[in-house]
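S.K.: Following this message is one structure expressed as structure tokens.
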Amino acid sequence: FGAATSLKIPYNMEYNFDFQRELARDLTLTASYVGSESRHLFIQPMYNAPLPQNMGPGPVAPRTPFPFFGQFPWDSNSGVSSYNSLQAKLQKRFSKGLVFLASYTWQKCLSIQDEGQSGSIQNPYNWSADKGNCDFNVPQIFVFSYAYELPFGKGKAFGNDMSGAANALLGGWQISGITTVETGSYFSATANATDVANINPSSETERANVTGVSPSAGWHQTVQDWYNPAAFTTPAPYTFGDVGRNTLRGPDTIDWDFGLMKNFHISESKQFQFRAESFNMFNRANFAPPGGGSSGGFATLGGAAGTAVNGANFMHIFSAAAAREIQFSLKFLW
């Protein structure tokens with residue numbers, strides 16, 4: 001069963017400011033500040049855990065406020081979150097066969113718990129210690145999308161006098177694509193392979209301790225050891241870890257999708273359309289962070305990903321996004 005506090009209605013306040021300027025004909029720059037604040041969000045810490053002064057060895061129940069109840073989730077509308085971002089957009093409207101949109105986002109999202117039933121709150125008596133980067137926060141995102149009619153063939157800058165056969169072969173081609181660059185998503189170094197705090201936390205997450213060694217300075221990051229394992233250690237017995245929630249970041253993502261298209265006109269109303277499309281065209285290995293799984297577009301490569309400092313695969317990466325895919329299609333339009 002679960003306990004619930006008095007109901008408080010969640011609310012969200014949003015605010016933004018935009019600046020737009022036309023740099024040239026058909027070319028527009030937009031810069032925006034976008035922010036929001038949310039209060040009374042649903043979180044679910046553990047209820048009836050041992051009080052801080054009662055943390056120690058021995059059975060858990062006698063050290064809890066209500067030994068005869070056991071432990072259970074506590075539904076509360078006490079969560080908070082905030083979001084602030086700078087968003088820039090450069091857009092070229094279609095002219096001379098070219099259209100593109102370049103967008104950049106620099107953002108920061110903070111919260112206590114992103115999924116009410118995720119069991120991520122380490123200390124049920126100190127929720128604020130879990131305030132950190134949102135699970136889904138990606139600090140920087142750049143996306144460039146475009147489409148371009150190649151200037152070859154009848155009515156184009158080059159080859160306007162092409163013969164019918166040459167125009168059918170070389171004219172009318174179009175290219176398009178989307179390039180995406182993202183900084184890595186956040187994760188936490190945990191100590192949840194065992195109940196170090198001895199509070200019987202069911203699904204709660206206990207985090208690791210820092211040792212004072214820099215996790216990344218002078219460290220060559222690989223899929224075997226993304227951060228220096230020596231920077232983290234198991235907390236002392238009957239204590240909580242001092243690593244902040246979501247303070248570590250996984251690998252960056254760079255993805256190139258590209259398409260090539262041509263229309264073969266048979267008559268005014270009938271045509272064949274040929275398309276060749278490549279996803280992750282350069283076959284870049286876009287790895288998930290340690291602990292990343294098969295969700296979120298990542299496929300498990302094998303083994304067990306680990307964020308637990310006392311686990312055999314601590315700081316190992318075992319999953320990645322899809323490899324290069326190429327597809328061809330031929331359509332008849334009428």
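The values are calculated or read from the model by the stated rules, or taken from the named source; none is laboratory data. The structure presented is a predicted model; accordingly, all values stated were derived computationally and were not measured. FYI the Cβ positions are ideal-geometry reconstructions off the backbone, even for glycines, and counts take in every protein chain you see. Note: accessible area is taken over every heavy atom of the protein model, side chains too, but ligands, DNA and RNA are not part of it. Shrake-Rupley method; radii C 1.70, N 1.55, O 1.52, S 1.80 Å.
S.K.: Only one of A88, A102 is of a type in the set (G, A, S), under 30 Å from K262 (Cα atoms), open to solvent by less than 60 Å² (accessible area, probe 1.4 Å) and part of a strand (DSSP E or B). Can you tell me which?
M.R.: A102
S.K.: Could you look through segment 247-268, keep only residues that are open to solvent by 70 Å² or more (accessible area, probe 1.4 Å) and either part of a loop (DSSP other than H, G, I, E, B) or of a type in the set (K, R) (or both), and pick out the one that is nearest to I178 (Cα to Cα)?
M.R.: It comes out as D252.
S.K.: Take segment 103-135 and flag every residue that is touching a strand residue (DSSP E or B) at 6+ places or on another chain (Cβ under 7 Å), within 30 Å of T239 (Cβ to Cβ) and hydroxyl-bearing (S, T, Y).
M.R.: Once the filter is applied, which keeps residues that are touching a strand residue (DSSP E or B) at 6+ places or on another chain (Cβ under 7 Å), within 30 Å of T239 (Cβ to Cβ) and hydroxyl-bearing (S, T, Y), segment 103-135 yields only S111.
S.K.: Quick one: what pairs do we get from segment 9-38, first residue surrounded by fewer than 15 Cβ atoms within 10 Å (Cβ to Cβ), second outside any strand (DSSP E or B) and of a type outside the set (V, I, T), C-beta under 9 Å, 6+ apart or different chains?
M.R.: That search, which allows pairs on different chains as well, returns D26/K96.
S.K.: Let me ask something else about it. What number of residues within segment 18-52 satisfy the criterion of being basic (K, R) and either on the phi > 0 side of the Ramachandran plot or touching a strand residue (DSSP E or B) at 6+ places or on another chain (Cβ under 7 Å) (or both)?
M.R.: Total meeting the criteria: 2.
S.K.: Just for segment 232-246: of the residues that are out of contact with any Pro (no Cβ under 9 Å at 6 or more places or on another chain) and touching a residue at least 60 places away in the same chain (Cβ under 8 Å), which one is surrounded by the most Cβ atoms within 10 Å (Cβ to Cβ)?
M.R.: R245
S.K.: Just for segment 136-179: of the residues that are out of contact with any strand residue (DSSP E or B) (no Cβ under 9 Å at 6 or more places or on another chain) and part of a loop (DSSP other than H, G, I, E, B), which one is farthest from K96 (Cα to Cα)?
M.R.: If we filter segment 136-179 for residues that are out of contact with any strand residue (DSSP E or B) (no Cβ under 9 Å at 6 or more places or on another chain), which is where we start, we get 154-155, 157, 160-161, 163-166, 169.
Checking the rest, the ones that are also part of a loop (DSSP other than H, G, I, E, B) come to 154-155, 157, 160-161, 163.
Values: K154: 14, G155: 11, A157: 10, N160: 15, D161: 19, S163: 23 Å.
Ranking the qualifying residues of segment 136-179, first place goes to S163.
S.K.: Hey, can you tell me all the residues within segment 296-323 that are of a type in the set (A, V, I, L, M), more than 15 Å from the chain's Cα centre (by Cα) and either modelled with pLDDT of 85 or more or buried (at least 20 other Cβ atoms within 10 Å of the Cβ) (or both)?
M.R.: Matches in segment 296-323: A305, A308, V309, M315, I317, A322, A323.
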